[in-house]
Amino acid sequence: MGKRDRVLAWLRLARLIPLAGPTAYLPMGVLALAYGVLPSVFTVAMGLVVRTLTAGPVARISPAEILSRAGTDLKIGFAALVLQQALTPLQEAVAVLAARRIDRHTLADVLRTALRSPLEHVEDERAVDAVAEVSDAFVRNAPTPGVAAAALPQLAGRYLQLVSAVVLVAVTISVGVAVLLLIGAVILRYGQRGSLDKFAAERAKLAGARRRMNYIEMLGIEPRAAKEIRVLNLLPWLRQRYDREVEGYLVPLWRRRRAVLFRPFLVYTGIGFLIAVTAFVLLGQGFEPAQGVVFLAVAIQAILVPLRFGTYFPECDMQTQYGMQCQSTIAEFRASVGRPVARPEPGARPTAAAVEPGALHAIRFREVRFGYGRRGAEVLRGLDFELPAGRSTALVGVNGAGKTTVVKLLSGLYAPTGGRITVDGRDLAGLDPAGWRREVAVIFQNSVRFDLTLRENLLLGAAHRPVDLDAMHAALARASATDIADRLPHGLDTVLSPEYTRGTGLSGGQWQRIALARAFYAVGQGATVLVLDEPTAQLDVRAEVDFYERFLELTEGLTTLVISHRFSTVRRADRIAVLSEGRIGESGSHDELLDADGTYASMFRVQRERFTAALGRGDDR
Ligand SMILES: Nc1ncnc2c1ncn2[C@@H]1O[C@H](COP(=O)(O)OP(=O)(O)OP(=O)(O)O)[C@@H](O)[C@H]1O
């Protein structure tokens, strides 16, 4: 980070402070001011106490006499000391409050950025590292931008302490010594923070290694992989792998720490020592007994303050350093998301036009080309494909042919690298993404199993609308999932995860029906495009047959795209397209494709025997 960037980073951090609100930042300011001057008040008051006491005979002086001779100064000094001690927890409490308030905004900003970013960015290694760093800060309690901003007044308080101590030195010893100490403190500070800055930058380079280490750590802790880890007896492997990852992260980290921190530590300790010796020598030379012991007492204590700038301040240094870095990571992430992923087609500049809500939509892929990443092979190579309004279309193809990729493009999660996708003749790139996604109800192949109640799992299909209980029950019935809901211990309010007191686990097939119900709930709330990616892969044969028999009823009046390796699922579609080599190889109705005797017919024949046997009837079509 260059000097200019560093200054900008500090300013960016300071700009966060108003987000804490006046009830937090005003007390923070007052406390920082008090923190800055109280040590000097104490020093001067105690100096005056010493002077008063040494002015008269000091032998066998009684406490009462101490009080009568130096009562006011003593009280001021005592109050300054007590206040200093009391300020620390108060400052911490206000800083936590301010950090929380600021981070509410920061987190909202991160979420907005993450959700706005195309998937391509989210999957990019640097973006993944950035998100891991940021979530580490929020989840693992590392310094966040809010924590850093809340620590700024405390840092300012430290500088105020320095200024007041330097003023005291100027008054008690000389301006020359004061300037010397000020310069010394600034050099020590520059060395300290500079090396911390360098170390933080080096540490940031290890973000990938840290993420790998955290992944293995979480793999052993989280229930997600618990089954496999036990069944495969992975504990020894996990321990070995964890040790390797820890070493892969910590050994270079320590090496860099030594390189970055050790030499500066020696150099700046030496400088600090020299300054201290010089200041004391000058103090000794310039001291006039006539000045009295008060000067000596005040001067010695004041000299020590600048020297403390040679250590890290526990309440603000790490906080500002790492919190500021977290803020920079967020800013970089935001900037990278703002960059276009794919070159838009000429004339297809996004205008965020609203799609007509609830209308039947016709979708067309025209010469669409797409590949993942900058150097990834092209998955779609000139795809021409149509989803007529209100009709059902099936897409089949071998593993890796690009079927799910088509769904991702259709939902606007990725942009084509060539060609266009149109909705009712308008370029999808020009439509408001949020508006378009409300029109589309999608079940992905491995849809997320939310650890939320059944009600919420359904609601997420149309979270922009108020809860509609009747529509939820209708959606469950449509997905043949009413019996699942009925058997849950708390009905719609059951958390669909055994990890919660009011929760229970579901089987893979039951989850698939809940995912279907979520899509039907979205349809009930106005979505008119239904996309089903492998909707029956986890259903038992009876449920699969049920789906097949009700397919026309379930998809009636919707523009439907169904993807499946199960021909029982796709054969009822109005039109079936076979995706191969990034294009549509053949298309037609089930019967037309069988008559054509091409790829579809041969794939169908392979499955027919197993399927008809399971159904118990001899249907050759
Ligand atoms: N996020 C990704 N990043 C990079 N490559 C990807 C990504 N997702 C998919 N691919 C690649 O794109 C190709 C098409 O994948 P896609 O998931 O669309 O296939 P599919 O036809 O749906 O396969 P399946 O029948 O196995 O579900 C595959 O070669 C896959 O490796």
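The values are calculated or read from the model by the stated rules, or taken from the named source; none is laboratory data. Owing to the predicted nature of the structure, the values given are computational and were not obtained by experimental measurement. Reconstructed Cβ throughout: ideal geometry from the backbone, glycine too, with neighbour counts over all protein chains shown.
Tell me the residue from 503, 509 that is in contact with a strand residue (DSSP E or B) (Cβ under 6 Å, 6 or more places away or on another chain), farther than 19 Å from residue 361 by Cβ and either surrounded by 13 or more Cβ atoms within 10 Å (Cβ to Cβ) or without any contact (Cβ under 8 Å) to a residue 24 or more places away in the chain (or both), please.
503
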Exercise. Identify the residue in the range 535-547 that is surrounded by fewer than 21 Cβ atoms within 10 Å (Cβ to Cβ) and of a type outside the set (Lys, Arg) and, among all such residues, is nearest to the ligand (Cβ to nearest atom).
Key: 537
Quiz item: Quick one: residue 373 ticks every box in (1) within 16 Å of the ligand (Cβ to nearest atom); (2) within 22 Å of residue 534 (Cα to Cα) bar one, so which box is it?
Solution: (2)
Self-check item: Single match in 343, 364, 334 (criterion: more than 11 Å from the ligand (Cβ to nearest atom) and modelled with pLDDT of 90 or more)
Solution: 364
Exercise. Being surrounded by fewer than 22 Cβ atoms within 10 Å (Cβ to Cβ) and within 16 Å of the ligand (Cβ to nearest atom) narrows it down to one of 406, 442, 467, 398, so name that one.
Key: 398
Self-check item: Within the range 246-257, tally of residues that are surrounded by 12 or more Cβ atoms within 10 Å (Cβ to Cβ) and more than 26 Å from the chain's Cα centre (by Cα)
Solution: 2
Quiz prompt | Members of the range 486-523 found to be over 17 Å from residue 470 (Cα atoms) and among the hydroxyl-bearing types (Ser, Thr, Tyr), listed by number | solution = 494, 497, 500, 501, 504, 507
Quiz item: Of everything in the range 548-565 that's farther than 16 Å from residue 477 by Cα and among the aliphatic types (A, V, I, L, M), which residue is farthest from the ligand (Cβ to nearest atom)?
Solution: 558
Quiz item: Hey, which of the strands (runs of 3 or more DSSP E) in the range 548-601, taking only ones fully inside, have at least 2 residues that are free of Cβ contacts under 8 Å to residues at least 24 places away in the same chain and surrounded by fewer than 19 Cβ atoms within 10 Å (Cβ to Cβ)?
Solution: 583-588
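Look at residue 298 and say whether it is within 41 Å of the chain's Cα centre (by Cα), in a helix (DSSP H, G or I), crowded, with 18+ Cβ neighbours inside 10 Å and modelled with pLDDT under 80.
So residue 298 does not fit the description; no.
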Exercise. Considering each of 413, 387 in turn, give the residue that is hydrophobic (A, V, I, L, M, F, W, C), away from the ligand (no atom under 16 Å from the Cβ) and in contact with a helix residue (DSSP H, G or I) (Cβ under 9 Å, 6 or more places away or on another chain).
Key: 387
Quiz prompt | Selection status of residue 452, at pLDDT below 90 and away from the ligand (no atom under 16 Å from the Cβ) | solution = no
